[in-house]
Amino acid sequence: MPDGLQLNLAGVWQIKGKLPATAEVEQQLQSRPEIKQVTFNGTDITDWDTGLLTWLSKVLALCEAQNITTDLAGLPEGVGRLIKLAHEVPPKKDTGKHGKEPPLLARVGESTLATYRAIPAMLEFLGEVTLSIGRFFLGKAQYRRSDLLLIIQDVGPRSLAIVSLISFLVGLIVAYMGAVQLAQFGAQIFIANLVGLGMVREMGALMTGIIMAGRTGAAFAAQLGTMQVNEEIDAFRTLGIAPIDFLVLPRMLALIMVMPLLVLYSDLVGILAGLMVSVLAFDIGVFEYYQQTIRALDLSHIAVGLSKGTVYGILIAFAGCLRGMQCGRSAQAVGQATTSAVVTSIVMIVVAASVMTIIFQQLGI
Amino acid sequence: MSVTATQATPAAAHIEVKDLTMAYGSFVIQHDLTFTINHGDIFIIMGGSGCGKSTLLRHLNGLMAPAKGAVLYDGTSYWDSPAEEQERIKQSFGMSFQSGALWSSLTLAENVALPLGEYTTLSPAEISEIVSFKLSLVGLAGFEDFYPSEISGGMQKRAALARAMALDPDILLFDEPSAGLDPISSRRLDDLILELRDSLGTTIAVVTHELASIFTIGNNSVFLDPETKTMIATGDPNWLRTDCPDEKVRTFLNRGET
């Protein structure tokens with residue numbers, strides 16, 4: 001046939017081996033514009049799989065572009081049928097996925113606007129939570145008491161070990177750091193003031209807050225996020241149950257109730273660590289240390305610490321639940337929600353700590 | 001995959017399940033399963049809900065170890081083989097999970113390309129051609145750059161099939177591939193399964209409830225019974241439908257109408 005081209009294929013055509021290029025065929029087709037038909041002879045093909053099919057797809061596309069007819073009859077049985085199956089559904093066009101990446105300034109603008117647009121969503125969530133707490137006090141909130149108790153158990157007693165460890169070590173560090181300085185003046189007894197005030201006013205609440213942000217805030221975001229992925233939250237909505245009441249409210253309440261108790265516990269452990277350092281390393285009597293601590297602390301200091309702890313608890317639960325409820329529908333989104341929950345709550349804790357410390361100083365409490 | 005090898009040995013046993021007992025801890029799911037899947041079979045795993053079909057699939061793809069008994073591939077027992085041998089056998093499997101199990105941080109193209117990148121020496125350009133071809137086989141041409149969360153459940157399922165077929169495995173395992181697909185996609189899927197078997201000689205095991213599908217594609221099957229916790233029939237589903245001695249199987253295959 002003068003206007004025909006026969007391609008003889010032989011050997012192994014598998015993706016685990018090396019596949020030939022289509023350049024040679026392309027060259028032939030271009031140098032001989034008289035070719036009107038391409039046929040194939042595949043009798044010498046020993047093994048084949050998708051490797052043959054993709055190569056063939058490229059050749060067929062080349063031929064189609066130049067209006068050359070093709071005949072697959074000479075190829076192994078099934079090749080033609082699989083090619084046909086692959087082309088049965090036309091490719092999706094205009095998916096909007098092949099656009100160029102926008103320029104740097106546009107991206108900076110986009111992400112700034114996205115941050116800005118996130119604020120109303122956060123405020124909306126804050127409003128919903130407030131209304132939900134209102135419904136709770138009116139006894140109208142739909143939630144299960146057993147859920148609340150389970151969450152309290154999870155955030156409270158189950159956190160005691162890690163809170164003990166961190167508080168003990170922080171108390172120990174504060175005592176040692178202070179003692180070395182105070183010893184220069186022979187004022188070791190003031191270790192009790194330093195540790196007592198430091199733990200009760202600042203460190204107890206701060207350390208507990210950061211532990212709970214990592215432990216509980218992250219867990220809230222991951223739980224709610226996974227429920228979002230599994231459409232469990234939509235299932236609540238279709239039943240007419242507000243997910244805020246059923247899922248967020250018990251988590252908020254649990255943390256608000258438990259945080260002050262954990263802070264109090266943390267203070268106590270920190271003071272005990274200070275006592276241990278004073279008694280063992282700096283020769284201060286147990287009773288002496290106790291007396292000095294009692295003199296240094298009064299109820300207002302404890303109230304300052306507890307109020308800080310409560311605020312941190314609210315912030316952690318808020319950030320964890322917010323990020324969980326905002327989670328997208330994929331495993332990756334759950335990871336992002338969890339990360340974002342921890343980062344948001346730690347940032348909010350530190351900002352709140354600074355603001356409250358300044359306020360309390362100004363008020364002279 | 002070797003087409004000539006499968007043609008040279010028709011009806012040779014590919015996967016043999018011998019006295020298999022499946023259990024989670026001491027909780028037995030199914031016991032004493034013995035059946036053979038031949039080269040080029042389209043093997044249907046059927047039975048009522050909760051009878052252990054998916055668990056059986058997890059035993060066939062090496063994810064779960066048998067509590068008792070053995071699973072043999074071309075005569076080699078998977079769990080009695082050294083680790084390298086297990087790796088080699090595993091590469092001949094392609095599995096599509098019930099809910100797709102696409103990696104959500106990767107686009108569809110990247111999902112299909114990952115096994116190709118790991119186990120072949122193809123260039124990125126060749127890989128992307130193969131990926132496009134596989135996606136067009138399941139009717140998803142043009143969706144290369146979508147993330148799994150951006151497409152529908154049925155499309156995710158088909159993309160998962162494309163990933164399972166990425167390496168042209170000798171054995172394809174499908175867990176309810178057509179559940180959630182529209183009738184046309186579902187018919188196309190049946191065509192594709194038949195074609196993969198006919199052209200490439202792939203051995204295929206399918207968990208499915210779709211009776212139409214069972215009779216169209218299946219040429220061999222096993223029926224698991226949740227009450228007696230063992231298999232009560234094996235063979236061609238078209239034959240079981242009319243001539244199975246066990247009434248439970250006949251009822252199942254006739255949608256409860258006798």
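The values are calculated or read from the model by the stated rules, or taken from the named source; none is laboratory data. All values reported here derive from a predicted model rather than from experimental measurement. Reconstructed Cβ throughout: ideal geometry from the backbone, glycine too, with neighbour counts over all protein chains shown.
Numbers below:
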quantity: Residue count, segment A:48-61 (criterion: out of contact with any helix residue (DSSP H, G or I) (no Cβ under 6 Å at 6 or more places or on another chain) and either surrounded by fewer than 20 Cβ atoms within 10 Å (Cβ to Cβ) or more than 13 Å from chain B (Cβ to nearest Cβ) (or both)); calculated: 3
quantity: Every residue from segment B:64-84 that is touching a strand residue (DSSP E or B) at 6+ places or on another chain (Cβ under 7 Å) and under 24 Å from residue B:120 (Cα atoms); calculated: B:73, B:74, B:78
quantity: Any hit, segment B:115-124, residues being under 20 Å from residue A:17 (Cα atoms), assigned to a helix (DSSP H, G or I) and at the interface with chain A (Cβ under 9 Å from one of its Cβ atoms); calculated: yes
quantity: Residue pairs meeting the criteria (Cβ under 7 Å; at least 6 apart or on separate chains; first under 18 Å from residue A:39 (Cα atoms), in segment A:5-28; second assigned to a strand (DSSP E or B) and of a type in the set (Gly, Ala, Ser)); calculated: A:9/A:42
quantity: Among residues of segment A:301-353, those that are within 14 Å of chain B (Cβ to nearest Cβ) and not polar (S, T, N, Q), counted; calculated: 8
quantity: Single condition residue A:17 does not satisfy, out of (1) surrounded by 15 or more Cβ atoms within 10 Å (Cβ to Cβ); (2) in contact with a Ser or Thr (Cβ under 9 Å, 6 or more places away or on another chain); (3) within 10 Å of chain B (Cβ to nearest Cβ); calculated: (1)
quantity: Hey, residue B:124 surrounded by 21 or more Cβ atoms within 10 Å (Cβ to Cβ), over 20 Å from the mean Cα position of the chain (by Cα) and over 20 Å from residue A:48 (Cβ atoms) or not; calculated: no
quantity: 2 or more residues in contact with a helix residue (DSSP H, G or I) (Cβ under 9 Å, 6 or more places away or on another chain) and within 14 Å of chain A (Cβ to nearest Cβ): qualifying helices (runs of 4 or more DSSP H) within segment B:126-230; calculated: B:153-164, B:183-200
quantity: Condition check for residue B:173: at pLDDT 90 or above and of a type outside the set (S, T, N, Q); calculated: yes
quantity: Conditions (1) away from chain A (no Cβ under 14 Å); (2) under 27 Å from residue A:19 (Cα atoms); (3) assigned to a helix (DSSP H, G or I); (4) touching a residue at least 24 places away in the same chain (Cβ under 8 Å): number failed by residue B:95; calculated: (3)
quantity: Hits in segment A:226-244 (condition: free of Cβ contacts under 8 Å to residues at least 24 places away in the same chain and of a type in the set (Ser, Thr, Tyr)); calculated: A:238
quantity: Identity of the residue in segment B:149-168, touching a residue at least 60 places away in the same chain (Cβ under 8 Å) and more than 11 Å from the chain's Cα centre (by Cα), that ends up surrounded by the most Cβ atoms within 10 Å (Cβ to Cβ); calculated: B:163
quantity: Members of segment A:153-167 that are assigned to a helix (DSSP H, G or I) and not charged (D, E, K, R); calculated: A:153, A:155, A:157, A:159, A:160, A:161, A:162, A:163, A:164, A:165, A:166, A:167
quantity: Residue that is nearest to residue A:215 (Cα to Cα), among those in segment A:130-163 that are under 21 Å from the mean Cα position of the chain (by Cα) and of a type in the set (A, V, I, L, M, F, W, C); calculated: A:155
quantity: Residue A:78 being at pLDDT below 90, surrounded by fewer than 15 Cβ atoms within 10 Å (Cβ to Cβ) and within 14 Å of chain B (Cβ to nearest Cβ); calculated: no
quantity: Yes/no for residue A:132 being farther than 25 Å from residue A:358 by Cβ, touching an Asp or Glu at 6+ places or on another chain (Cβ under 6 Å), part of a helix (DSSP H, G or I) and not aliphatic (A, V, I, L, M); calculated: yes
quantity: Single condition residue B:242 does not satisfy, out of (1) over 18 Å from the mean Cα position of the chain (by Cα); (2) within 23 Å of residue B:95 (Cβ to Cβ); calculated: (2)
quantity: Meets criteria (surrounded by fewer than 21 Cβ atoms within 10 Å (Cβ to Cβ), of a type in the set (Lys, Arg) and closer than 24 Å to residue A:339 by Cα) for residue A:158; calculated: yes
